[in-house]
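This report concerns only the one structure given below.
The values are calculated or read from the model by the stated rules, or taken from the named source; none is laboratory data. Bear in mind that the values here come from a model prediction, so they are computed numbers and not experimental data. No Cβ is skipped: glycine too gets one built from the backbone with ideal geometry, and neighbour counts run over all protein chains shown.
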Amino acid sequence: MGSPGAGKGTLAARLKALRVEHFSSGDYFRREIERRTPLGRSIEAAMERGELVSDEMTLQLLRQWFWGRPASRGFLLDGFPRTLVQAVNFDEWLDVRQETLTGCLLLELPEEATVERLTGRRVCPRDGRLYHLKSHPPANPGVCDDCGSELVRREDDEESVVRHRHELYLESSRPLIEHYRNQGLLWRFSAEGDPAEVARRVLDRFDLNFIES
Ligand code: AMP
């Protein structure tokens, strides 16, 4: 878990050596939008406003993912559950399959750092590679190092949308944080600093140093 821009996806990529599936609900939604389905169009409208996709639509899609995967394989979830309703439903799915969560990582980033991070973010529309104007610029301004495509800014990375997403996150995450704290599963981390530093904090705390960060 973490506010927008806290680096959930970046951290997940660095924990790849855990050899569990990395599943990002945001990526899953973006693929649904690309497929131009009716559900994809409703999701797109919510995302462009910087709002959460409704619990109903989220659960409808995430159910497909959850029940379609082999029960024996673990997963690293990024972006789901994001509300208490989603978490309660998710607990029920886990119970039915007799699976348990190992922990819930919470990445925390103050609002101003969030704005700086997200408004400077650029993405390659072709291969999804992420850049940042300050901290990770492409070799040639505005174009992807790998494929040469022109980089774009995600519509929900516009400043006013970012502030709205941050505020919404604080509101909606409070009961969710409580939910996992009550289950003794919550692990909090500062998301400030570069990705390697954040990954190191997590690895040290979980004693996962056998994994290359
Ligand atoms: P992310 O890539 O995780 O920043 O997600 C981008 C956007 O997708 C969010 O701002 C939400 O609009 C939507 N989204 C992703 N995951 C969820 C979720 N679990 N529940 C509701 N909306 C979500």
* Evaluation of PRO70 against (1) more than 10 Å from the ligand (Cβ to nearest atom); (2) outside any loop (DSSP other than H, G, I, E, B) (one fails), failing number -> (2)
* Structure fact -> Here the qualifying pairs (Cβ atoms under 7 Å; residues six or more apart or on different chains; first in the range 130-144 and surrounded by 14 or more Cβ atoms within 10 Å (Cβ to Cβ); second among the polar types (S, T, N, Q)) come out as VAL143/SER149
* Structure fact -> Of the residues in the range 168-208, those that are without any contact (Cβ under 8 Å) to a residue 12 or more places away in the chain and within 19 Å of GLY5 (Cβ to Cβ) come to GLU171, ARG174, GLY193, GLU197
* Asked: Name the residues in the range 29-38 that are in contact with a helix residue (DSSP H, G or I) (Cβ under 6 Å, 6 or more places away or on another chain) and away from the ligand (no atom under 13 Å from the Cβ), would you?
  -> none
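Rundown of residues vs (1) closer than 21 Å to TRP187 by Cα; (2) crowded, with 19+ Cβ neighbours inside 10 Å; (3) within 16 Å of the ligand (Cβ to nearest atom); (4) modelled with pLDDT of 95 or more, yes/no style:
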| residue | (1), (2), (3), (4) |
| --- | --- |
| PRO4 | yes, yes, yes, no |
| ALA13 | yes, no, yes, no |
| ALA17 | yes, no, no, no |
| HIS22 | yes, no, yes, no |
| ARG49 | no, no, yes, no |
| TRP65 | no, no, yes, no |
| PHE75 | yes, no, yes, no |
| ARG82 | yes, yes, yes, no |
* Asked: Exactly one of (1) at pLDDT below 95; (2) on the phi > 0 side of the Ramachandran plot is unmet by GLY142. Its number?
  -> (1)
* **Selection from the range 145-171 of residues that are surrounded by fewer than 16 Cβ atoms within 10 Å (Cβ to Cβ) and within 14 Å of LEU106 (Cβ to Cβ)** => LEU170
* From the list GLU56, GLU92, pick out the single residue that is acidic (Asp, Glu), away from the ligand (no atom under 12 Å from the Cβ), over 30 Å from ASP194 (Cα atoms) and loosely packed, with under 13 Cβ neighbours inside 10 Å. => GLU92
* **Residues located in the range 35-54, provided they are in contact (Cβ under 8 Å) with a residue 40 or more places away in the chain and under 15 Å from ARG154 (Cα atoms)** => MET47, GLU48, ARG49, GLY50, GLU51
* Structure fact -> Note on LEU176: of the conditions (1) surrounded by fewer than 15 Cβ atoms within 10 Å (Cβ to Cβ); (2) at pLDDT 90 or above; (3) not β-branched (Val, Ile, Thr), unmet is (1)
* Structure fact -> Note on the range 26-47: residues among the hydrophobic types (A, V, I, L, M, F, W, C) and either exposed (fewer than 11 other Cβ atoms within 10 Å of the Cβ) or at pLDDT 90 or above (or both) are PHE29, ILE33, LEU39, ILE43, ALA45, ALA46
